[in-house]
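As C-alpha cells, the structure follows; a few thoughts come after it.
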Amino acid sequence: MRLDQTGWKMTVTHTSAFSLKATKLPDGFDSKTLEEVRTDLADNGVATPEGDDQSELAAIVADARAHGIDLSIVVLDGNPGHDSELRDLATEVAGFQHGTVAVFSDDWIGTTSDSISRVRLEWAEDKSKFTGGKTEQAAQTLVHRLEQTPAVSWTEITIVLLAGLVLTVGGLYWVKARRAGGPQPADAAPGPRTQRTEDPELAPAAR
C-alpha cells in the first residue's frame, strides 16, 4: 500500500499532539485507507506501513490464533494526536475484521474485541505501551497477557461487593424491625418506686 498517496505515515509534532480535532481517527485514515488495511490484513492478519517486514508480527498473530485468540494487528508510524484515536481505528477495522483487533503506534495501543472483555483488554494493554516503536515486543506482551488469567477477577469482585451490599441492607432492615417491634419508652413497665426523703429544710412550711 502506498503511504505517500494515502497520507497514512505520521510524524509526531507539537501541533498534532496538542491540537483539538473533530476527527476521531488518526490523520490520513479514510474509507480508501481502511480498504487498503482490509486488503493488507487478508493474507496474514497484519497491516503495516509499506516496506515494513511483517514476518515477526505474522508469527505472533499465528501463535495467538493457535491459542484461541483471533488476533489482527495494524501498525502506524509515530503517534496520533490522542491515544483514543487508536481504539477508534480498531473499532472501524472491527467492522470488517472479526475477532480481536490491536492497533499499535510508537507508544500507544488501541484494541477492541468481540470475544474478550474491555477490562481484560485494558489489563493486557498496560504492559504493552511505550516501547518506542518496538511493535513486535509490544504485540508479544499483549498476546502473552491475553493468554493469561488476570490476577484480579472483576466478576468475582463485583459478586463479593453485591453480596456485601445485600448483607448490609438485610442487617439494617433486621435492626430496624427489631427496634420497631420492641416496647416503646412510654409503654415500658415502671420500675420499683423508691421512697423519696425530703430535706426538712426544703419542705414547705406547714400551715
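The values are calculated or read from the model by the stated rules, or taken from the named source; none is laboratory data. Given the structure is predicted, the values throughout are model-derived calculations rather than measurements. Ideal geometry is used to build each Cβ from the backbone, glycine not excepted, and the neighbour counts take in all protein chains shown.
Matching residues to (1) outside any loop (DSSP other than H, G, I, E, B); (2) out of contact with any Ser or Thr (no Cβ under 7 Å at 6 or more places or on another chain):
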| site | (1), (2) |
| --- | --- |
| 34 | yes, yes |
| 38 | yes, yes |
| 42 | yes, yes |
| 58 | yes, yes |
| 64 | yes, yes |
| 69 | no, no |
| 73 | yes, yes |
| 77 | no, yes |
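Residues that are closer than 17 Å to residue 37 by Cα and hydroxyl-bearing (Ser, Thr, Tyr) within the range 52-84 comprise 55, 72, listed in sequence order. Taken over the range 59-117, the criterion of being without any contact (Cβ under 8 Å) to a residue 12 or more places away in the chain and closer than 18 Å to residue 30 by Cα is satisfied by 82, 95. Selection of the range 63-72 for residues being exposed (fewer than 15 other Cβ atoms within 10 Å of the Cβ) and under 18 Å from residue 94 (Cα atoms) yields only 68. Sort through 46, 93 and tell me the only one that's within 16 Å of residue 113 (Cβ to Cβ) and not polar (S, T, N, Q). After ruling out the rest, the residue left standing is 93. Kindly evaluate residue 24 against the criterion of being basic (Lys, Arg), at pLDDT below 95 and closer than 26 Å to residue 119 by Cα. Criteria met by residue 24.
When 54, 97 are screened for being buried (at least 19 other Cβ atoms within 10 Å of the Cβ) and of a type in the set (S, T, N, Q), only 97 passes.
Test residue 52 against the criterion of being in a loop (DSSP other than H, G, I, E, B) and closer than 15 Å to residue 26 by Cβ, and give yes or no. For residue 52, the condition - in a loop (DSSP other than H, G, I, E, B) and closer than 15 Å to residue 26 by Cβ - is not met.
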